[in-house]
């Protein structure tokens, strides 16, 4: 398939089909509704199941069921809908089931608004559900990267037997961009799904899919086992990009749409002789802590930019460990800044450092 | 001379709103009275009403909902002022519709009034959208849209592009495809719209009047 012009939500839906997704359960919500709409029209042509559930809670529990039977499953929603799904996500993580979840973020809290936002960072990276668990989470910045990471997400979910979340803001869901759906993505060596509840056929012992462990020793053992898995993800799955880091006097940390705006700001600053770099986290859980050890010595401060009042900021502080001064710039509620606003925040910070 | 109603229809993401905003400015530059009505109630992003304030400054009326919202309103209703403008016909009107068949369903309420007036229905086509990428698919989309409105499309606008990744060959190839559609359907290509740098390079053989598009809904950094 050659390059085509697609809307973010459509491209994400098609990427899921290309990633081998065989079942979708969801419930419409702006600004991601074109995603289920696209799958409603196309899923059956690829031998898959599309079902609009009666609610988000029902949808995520259908994901649990289909995944338990070994299918590659997707659900998608936007911020308040993802909040409703948290109980099910915790159960899926607890039962060690693979699932891919797309969150096209809008403003919050509560019903919030329908314009783009990154205010779900903590919901995504800290888990909105109960218990000691994490979801592998990616925050791509353009449609090509989004499509690639969704195709890869189904392998990652199967590999770790854990939910994988793709968190994009509403703008990425709604915008048009050229995209090639057939770019090769890394394939993982996947074990058989011998845990899937598809019947014993009288040939093997029954298996259980379950997140209930009433004996505290059993639950502790299970939690330690999960913790080992998260350690492995932290070791192997950190993903990030550096832009213009050579001789940078300041590093901006930004992801998704905010990183796109920062790229434009960097160009403006460069023309004025101000050298600023960008650290763009692509995985937001695990957060790319390795990247902070690679900053050049020229860096004198960090500016965190988000479409929120400051959530990733906490992770930046943890990784910086008190070493460099940190400033924050954010717009929220669906407001998206112009590059000039970032330029001003950079100049303010540099002025303060001198 | 009777004022005209221009109805802009087409597939999701084909560039209807960007064209509508630019077309409103073009008519205004020709010293015509213009009213742009944003009829898109199927999608709350990238709508022409976002340009409301800058268009009003140019003397172009913008109508959408009764709250005169610019961004963020996700309520499926139209201001009754739209019907008023169509009935009174005091200005040239651009009806910027939502995408696909669902996007033009709202037109039905104006069917009688539009039919009795001087109107054009322009279908915007980007042949690089997968669902309008072949002659047959474009004709299928055209038929679906016409069945929904109950009126015939009077012209195509060739808005084929890959945004910043467009090449001149992409536009020339799109022209070939749309010419075939035009011959099969007997519907003319009215404009070929693109950014100024592409328009300047277009060869003479390309169909449709050249229409320079200045992107306004899509910001530079996007």
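The numbers here are math on the coordinates, done by the rules we state, and not lab data. Note that this is a predicted model, so its numbers are computed, not measured. Glycine also receives a Cβ, built like all others from the backbone with ideal geometry; neighbour counts cover every protein chain displayed.
Using 1/(1 + (r/R0)^6) with R0 = 35 angstrom and r between the beta carbons of residue B:79 and residue B:219, what's the FRET efficiency to the nearest 0.05?
Between residue B:79 and residue B:219 the formula returns 0.85.
Between the range A:161-222 and the range A:285-354, how many Å separate their Cα centres?
Cα centroid to Cα centroid, the span is 33 Å.
For chain B, evaluate the Debye formula with one uniform point scatterer on each Cα (no solvent term) and list log10 I(q)/I(0) at q = 0.16 Å⁻¹, rounded to two decimals.
Here log10 of I(q) over I(0) equals -1.11.
Starting from the Cα of residue B:183, move 7 Å in the Cα-to-Cβ direction to define the label point; list residues of the range B:107-131 whose amide nitrogen is under 16 Å from there.
Taking a point 7 Å out along Cα→Cβ of residue B:183, no residue of the range B:107-131 has its backbone N under 16 Å.
If the elastic network links every pair of Cα atoms under 10 Å, which of B:75, B:93, B:141 fluctuates the most in the Gaussian network model of chain B?
It is B:75.
So what's the gap between the Cα centers of the range B:28-61 and the range A:112-152, to the nearest angstrom?
35
Averaged over every viewing direction, what's the projected area of the C-alpha convex hull for chain A? Give it in nm², one decimal, please.
19.1
For the range A:65-157, compute Rg over Rh where Rg is the Cα radius of gyration and Rh is the Kirkwood radius from the inverse mean 1/r over Cα pairs.
0.95
Which number do you get for Rg(Cα) / (2.2 N^0.38 Å) in the range B:20-142?
Rg over 2.2 N^0.38 Å, computed on Cα atoms: 1.08.
Taking each residue in B:40-50, count the Cβ atoms of any other chain within 10 Å of its Cβ, then average. What number comes out?
3
Report, in whole Å, the centroid distance computed from the Cα atoms of the range A:223-270 and the range B:138-181.
Comparing the Cα centres of the range A:223-270 and the range B:138-181, I get a distance of 40 Å.
Can you tell me what percent of all Cα-Cα pairs in the range A:142-200 are more than 15 Å apart?
When all Cα pairs of the range A:142-200 are counted, 60 percent exceed 15 Å.
Report, as an integer, the average count of C-beta atoms from other chains found within 10 Å of each Cβ along B:128-137.
3
Note the angle between two axes, namely the Cα long axis of helix A:143-160 and the longest principal axis of the Cα atoms of chain A, as a number of degrees from 0 to 90, rounded to the nearest 10.
50
Work out the FRET efficiency for residue B:120 and residue B:144 from their Cβ-Cβ distance, taking R0 = 22 Å, and round it to the nearest 0.05.
Working from the Cβ atoms, E equals 0.70.
Just to confirm the number: angle between the C-alpha axis of helix A:339-353 and the first principal axis of chain A, 0 to 90 degrees, nearest 10?
60
If the chain between residue A:300 and residue A:182 were fully stretched, how many nm would it gain, using 0.36 nm times the residue separation less the Cα-Cα distance?
Roughly 38.3 nm would be gained on extension.
Say we join alpha carbon atoms closer than 10 Å with springs in a Gaussian network model of chain A; which of A:227, A:137, A:157 then has the biggest fluctuation?
A:227
Per the Kirkwood formula on distinct C-alpha pairs, the Rh of the range A:94-234 is how many angstrom?
Every distinct Cα pair counted, the radius reaches 17.3 Å.
Using a 10 Å cut-off on Cβ atoms, rank the peptides B:163-174, B:46-57, A:25-36 from the highest mean neighbour count down.
The most tightly packed comes first, giving A:25-36, B:46-57, B:163-174.
Can you give the mean number of other chain Cβ atoms that lie within 10 Å of the Cβ atoms in peptide A:112-119?
2
Against the longest alpha carbon principal axis of chain B, how many degrees, from 0 to 90 and to the nearest 10, is the axis of helix B:135-149 turned?
Once rounded, one gets 10 degrees.
Once the Cβ-Cβ distance between residue A:335 and residue A:197 is put in as r, and R0 is 56 Å, what FRET efficiency do you end up with, to the nearest 0.05?
0.75
For the range A:1-97, restrict the atom set to alpha-carbon positions and state the Rg and Dmax in Å.
13.1, 40
Which value, to two decimals, describes the C-alpha radius of gyration of the range A:240-353 once divided by 2.2 N^0.38 Å?
Taking the Cα Rg and dividing by 2.2 N^0.38 Å, one obtains 0.95.
Provide the packing ranking of A:167-178, B:80-91, i.e. peptides ordered by the mean count of other C-beta atoms within 10 Å per residue, highest first.
With the highest mean Cβ count within 10 Å placed first, the list reads A:167-178, B:80-91.
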